[in-house]
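The values are calculated or read from the model by the stated rules, or taken from the named source; none is laboratory data. No experiment lies behind these values; they were computed from the predicted model shown. Reconstructed Cβ throughout: ideal geometry from the backbone, glycine too, with neighbour counts over all protein chains shown. Side chains are part of the model used for accessible areas, which takes the heavy atoms of the whole protein and leaves out ligands, DNA and RNA. Shrake-Rupley method; radii C 1.70, N 1.55, O 1.52, S 1.80 Å.
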Amino acid sequence: MSPLTVAVQDHKGRSFIATRTVPPGSVVLRTKPYAAIPDCGSRRHVCAYCLRLAHGSKELEVSCAECQQAFYCSSRCAEADWGTFHAVECTFMKDLMLGMPAPRVNDLGSGEEVSVPNREEFDSYTLDYMWLLMRVLTKRTREVQAGMNQVPSPPSTSSPIDKPSTGTFADVWELCSNSHLFPPDKMPHFISVARSLARFVRSYLIPAAKLPDSFEHTLLPAPAPSDLLSYIDPLPPLEASLLDLILKEECNSFGLYTFSYKGHRFPRQGYALALYPLAVFFNHSCVPNIGHVTRHAAIPPERGGLDAADCAEMVFYATRTLQKGDEALISYVALDGEAGTTGISRRQNLEQLFFFKCDCQRCAAERDKPDQVVDTGLDKLLCRRDGCRGWFVPAPLMKRAGGRKFVEGQDHPLHDVAQRLISLRDTAIHSLTPDDIRDRIDVLSNILDTSKTHIEDSCSSRQSVDHFVLSVIMVAFTQQLASYRAITQGDADFKRTLDRLSDDMEAIFRNLDQNKVRSRHSYTAWICEACGRTRE
């Protein structure tokens, strides 16, 4: 069962709600962005394709010679990005920037305005989300060409043990635009951006995709009547839909952050902008119970068709225990420098940036008793050693994505079981013969018997079992069964064998639950994302 489901709450709308008790350190959601780009201040230091950061303050050596706006960690990434996105957007970006390269930025991540000359006189913030939306529109075009069914992905089925998903454009279009909350004086600027993006669609995207001019009428749905603003003169259909898309992005995109530029004694430094349509149901609290970290996967040389969305998985985890029915909450603003403050500036930022007055328990207490310091529990989550500004993250999430190394449970026999399954999962299956599959099923059966023995021993002795390793075993075992089902369809003998293995696996873990064996649900080690300090 997924630890979260989506429910509609009064005054909040759609929200993530816990479906069961969720212990600290547990992963509640893994998701990838629908699109992601380096921001203006970091373009020379962050690969436009895989979002990999250059070491230290070094600049990336590979760049697009045509527009000088996209930089890469390798020629392979440059070639892949050209085939995925950049061939469509390059000339438009060059035209938008008047062919002038972005200036060098010495103080990356400082939050200061980056001066980038461009024809429309857009600031760097605007240029960032314009590039992001160019990639959203390009991806949307490919979906339409592929005839993808535009049904929003059901967030309630997202699970930490499921394959992370980017969602589809239908999920992007389902995002709230909150159009009526934006100050009217901002609308002329957004309309200008919409017109510029319409030029991208008509003069660059449609010709590159070799589609008829009429495609502009089917590229985007019409805005919902409730999103239309009466004080704006009617726009052409494409511009009206693009305006709605801009507002959706403004309300729902995520910044990606690092400590690589200035070090751990400074606030996190932004380096990219991304749209995670399946993660937008986390509402805000100034005392969050959910944290998140971005993990970068290596791109195997033999694989193609990946983009930044595949290399910026965002993992959400519980920072304290959630009971069934509790709302899962993140913080929309930085909380690392707030110790001992009354939070006035924090509440002002929330109201100015996100258009709501926070009424969380912390804000209410600070308003009612401004002279008292509210105990938020953040001291347990923030490092603060030698001025460090980092947050503690469950140790396994600080490793490279892919699940090949575990910090916890290495002293438990089940750790070896998990490693065997991972090794089995990571080997190719497309060339297996029926005899190979039978051999692998025998190996799976042996692994299952080993797991059963170790789990039953833990049940009888009341010893703890590492929850993370159990999750890895369940995921890898399920993946193996699914793979073999896919390549042995129609074979009744294989079906019976695989069904038996599936039933045996469920029985083992059901027995674990019935015996109520104590499980180390919370990771015993947490690591500071900035300085690497470990705490228990």
From the list HIS86, HIS11, exactly one residue is assigned by the TED database to the domain that holds SER285 and open to solvent by 30 Å² or more (accessible area, probe 1.4 Å). Which is it?
HIS11
Identity of the residue in the range 465-519, modelled with pLDDT under 65 and of a type in the set (Gly, Ala, Ser), that ends up nearest to ILE447 (Cα to Cα)
SER471
Quick check on PRO24: is it open to solvent by less than 10 Å² (accessible area, probe 1.4 Å) and not hydrophobic (A, V, I, L, M, F, W, C)?
no
Across the range 274-297, what is the total count of residues that are in contact with a Lys or Arg (Cβ under 6 Å, 6 or more places away or on another chain) and part of a strand (DSSP E or B)?
1
Checked the range 166-192 for anything part of a loop (DSSP other than H, G, I, E, B), open to solvent by 30 Å² or more (accessible area, probe 1.4 Å) and closer than 21 Å to LEU127 by Cα; matches are PRO183
Count, please, the residues in the range 121-161 that happen to be modelled with pLDDT under 90, of a type in the set (D, E, K, R) and surrounded by 14 or more Cβ atoms within 10 Å (Cβ to Cβ).
1
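Can LEU256 be described as in the same structural domain as SER331 (by the TED database), open to solvent by less than 40 Å² (accessible area, probe 1.4 Å) and touching a Phe, Trp or Tyr at 6+ places or on another chain (Cβ under 8 Å)?
Numbers: in the same structural domain as SER331 (by the TED database): yes; open to solvent by less than 40 Å² (accessible area, probe 1.4 Å): yes; touching a Phe, Trp or Tyr at 6+ places or on another chain (Cβ under 8 Å): yes.
Taking the combined requirement at face value, the residue satisfies it.
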Residue within the range 279-289 that is of a type in the set (S, T, N, Q) and farther than 21 Å from LEU4 by Cβ present:
no
Kindly indicate whether ALA224 is of a type in the set (Gly, Ala, Ser) and buried (at least 20 other Cβ atoms within 10 Å of the Cβ).
no
